[in-house]
Amino acid sequence: MTPSAFKCPANRPTDSNAMRLSRYFLPILRETPKEAEIVSHRLMLRAGMIRQESAGIYAFLPLGLRVLNKINAIVREEQNRAGAIELLMPTIQSADLWRESGRYDDYGKEMLRIRDRHERDMLYGPTNEEMITEIFRAYVRSYRDLPLNLYHIQWKFRDEVRPRFGVMRGREFLMKDAYSFDLDEAGARHSYNRMFTAYLRTFARMGLKAIPMRADTGPIGGDLSHEFIVLASTGESQVFCHRDFLDRSAPPADIDFEDRATMQGVFDSWTAHYAATEEMHDAEKFAALPAAAQVSARGIEVGHIFYFGTKYSEPMRAVVNGPDGRETPVHMGSYGIGPSRLAAAIIEASHDEAGMIWPRAVAPFEVGLANLKVGDAATDAACADLYEKLGRAGVDVLYDDRDERPGAKFATLDLIGLPWQAIVGPKGLAEGRIELKNRRSGERLSLSPEEAFNKLREVDA
RNA sequence: CGGGGUAUGGCGCAGCCUGGUAGCGCAUCUGCUUUGGGAGCAGAGGGUCGCAGGUUCGAAUCCUGCUGCCCCGACCA
């Protein structure tokens with residue numbers, strides 16, 4: 001965000017990086033709604049991030065939307081870095097497309113089927129393989145236009161029998177889905193490896209340890225597939241993996257996504273060790289690992305990638321002319337990340353008794369500024385000064401300027417889990433100090449206002 | 001889709017068995033005091049008790065039907 005984004009002290013613009021809590025819409029709940037079973041659902045409701053509108057269907061309130069937008073921004077950066085190109089497809093699709101691939105009948109009741117005023121069969125897209133294939137075949141004729149990887153971030157609808165756990169398993173959910181097109185299997189595997197690498201980076205940037213695990217291909221079909229699993233004690237499925245995964249770092253940003261050997265190297269090294277979900281678990285292989293290396297834990301699926309060859313390109317006639325002049329169906333893969341689920345997964349992986357603990361990269365605001373005595377001239381002035389400076393410096397700051405007691409402000413800030421709390425009160429100011437509290441470590445720094453400002457503007461702080 | 005619950009003010013709940021004109025805590029509003037870990041006192045507002053029928057002089061309460069939501073299981077980004 002550029003400094004010029006900070007120009008309206010009254011906080012009218014919704015895209016402002018600086019916000020006064022007294023002017024914001026943050027409906028905090030003091031009590032936990034009874035329907036919320038898991039911690040992320042409870043905290044998202046309590047912190048006013050989401051509101052349920054129907055079973056498995058949620059509105060994202062301002063704080064929740066800020067998180068979603070930050071997740072999306074990281075997803076976009078990493079998709080673009082890996083060479084994928086963003087477009088946007090509609091949520092509503094024609095049934096005819098799905099009849100071409102044969103999935104209209106196969107998909108079952110999970111697909112929300114709609115009829116329009118002309119009695120045409122439509123559907124709310126649960127995924128977009130058919131549509132992207134239709135777009136591809138309409139324009140691409142030559143192998144020279146390959147490889148191609150197109151993605152979008154769009155709402156999906158899957159009419160789950162029993163939605164639960166808030167946005168973790170909703171019926172309507174946001175999904176980043178990418179689709180790769182290549183001339184042959186070798187090219188397709190390279191595309192797969194690029195997305196594999198991009199996913200490692202994407203999740204790592206959100207503070208998550210996501211482990212790629214060999215997966216069942218399910219209804220999407222194909223013969224190569226990995227799920228990316230985040231370890232969290234409240235995860236939905238049982239997973240098994242080698243301990244080495246726990247302290248590996250993701251590939252660097254400047255890794256060469258174009259180079260096949262480099263990408264294959266990433267894939268090979270991240271798939272060398274045992275890692276499997278319960279469905280794919282091989283107890284014997286797992287038992288063969290040294291006891292100290294055996295990790296058995298709960299996990300949340302935050303991404304899933306597939307290579308499925310010509311499963312859609314053949315029936316839907318997505319073909320290109322090869323170097324030999326002959327038409328050949330393209331080899332495809334698809335790659336999904338659920339940003340709305342990720343928001344919940346990050347909370348599952350990072351919270352404590354008092355509330356959420358956001359990694360800075362996805363925090364709704366980076367700093368919570370607490371004015372402990374609204375109405376005290378010196379305190380008000382010190383807060384206003386720090387607020388404006390942080391805003392101008394492009395730091396996302398939420399200024400709690402409500403006329404509340406300190407305890408209420410601390411509780412609110414702990415709940416919404418902003419990485420830093422800047423605590424400004426008359427006692428500290430009398431000695432020229434304000435306090436910075438690190439939400440995750442609990443560490444407290446007593447600093448001059450200037451030092452505090454410098455500390456908070458550090459990107460990695 | 002099978003099984004089990006539940007529906008009363010914004011949230012959490014009591015009242016229902018044994019029908020008699022709706023209550024508590026939190027939140028909200030006003031005033032005063034208070035201000036470094038969810039303040040105190042005083043006052044106030046807000047509910048056709050999920051919907052539709054039925055029984056009854058009278059229904060939140062009893063009966064019938066419907067709907068929403070939640071939980072357990074089978075299925076899933």
*asked:* Checking A:I132 against (1) modelled with pLDDT of 95 or more; (2) under 30 Å from A:A47 (Cα atoms); (3) surrounded by 20 or more Cβ atoms within 10 Å (Cβ to Cβ), only one condition comes out false. Which one?
replied: (2)
_I'd like to know if the stretch A:382-391 contains one or more residues that are near RNA strand B (Cβ under 9 Å from one of its atoms), under 26 Å from the mean Cα position of the chain (by Cα) and over 30 Å from A:A188 (Cβ atoms)._
no
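Among the listed residues A:G442, A:G417, which satisfies the condition of being on the phi > 0 side of the Ramachandran plot, under 27 Å from the mean Cα position of the chain (by Cα) and crowded, with 23+ Cβ neighbours inside 10 Å? Lay out the reasoning, then the answer.
Details: A:G442 fails: crowded, with 23+ Cβ neighbours inside 10 Å.
Answer to the selection: A:G417.
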*Please go through the stretch A:417-450 and pick out each residue that is in a helix (DSSP H, G or I) and either near RNA strand B (Cβ under 10 Å from one of its atoms) or touching a Ser or Thr at 6+ places or on another chain (Cβ under 8 Å) (or both).*
A:P426, A:K427, A:G428, A:L429, A:A430
_Whether any residue in the stretch A:323-331 is under 27 Å from A:Y199 (Cβ atoms), modelled with pLDDT of 95 or more and among the basic types (K, R) is what I want to check._
no
*Report the residue count in the stretch A:89-142 for those that are among the hydrophobic types (A, V, I, L, M, F, W, C) and either under 21 Å from A:F181 (Cβ atoms) or part of a helix (DSSP H, G or I) (or both).*
10
*Could you figure out which of (1) surrounded by fewer than 19 Cβ atoms within 10 Å (Cβ to Cβ); (2) touching a strand residue (DSSP E or B) at 6+ places or on another chain (Cβ under 9 Å); (3) part of a loop (DSSP other than H, G, I, E, B) isn't true of A:N454?*
(3)
_Matching residues, the stretch A:14-34, being of a type outside the set (S, T, N, Q), modelled with pLDDT under 75 and surrounded by 13 or more Cβ atoms within 10 Å (Cβ to Cβ)_ = none
_Against the condition modelled with pLDDT of 90 or more, near RNA strand B (Cβ under 9 Å from one of its atoms), surrounded by fewer than 24 Cβ atoms within 10 Å (Cβ to Cβ) and of a type in the set (A, V, I, L, M, F, W, C), how does A:M168 come out, does it pass?_
no
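The values are calculated or read from the model by the stated rules, or taken from the named source; none is laboratory data. Keep in mind that what you see is a predicted model, and the values were worked out from it rather than measured. Here the Cβ is made from the backbone with ideal geometry for all residues, glycine too, and neighbour counts use every protein chain on show.
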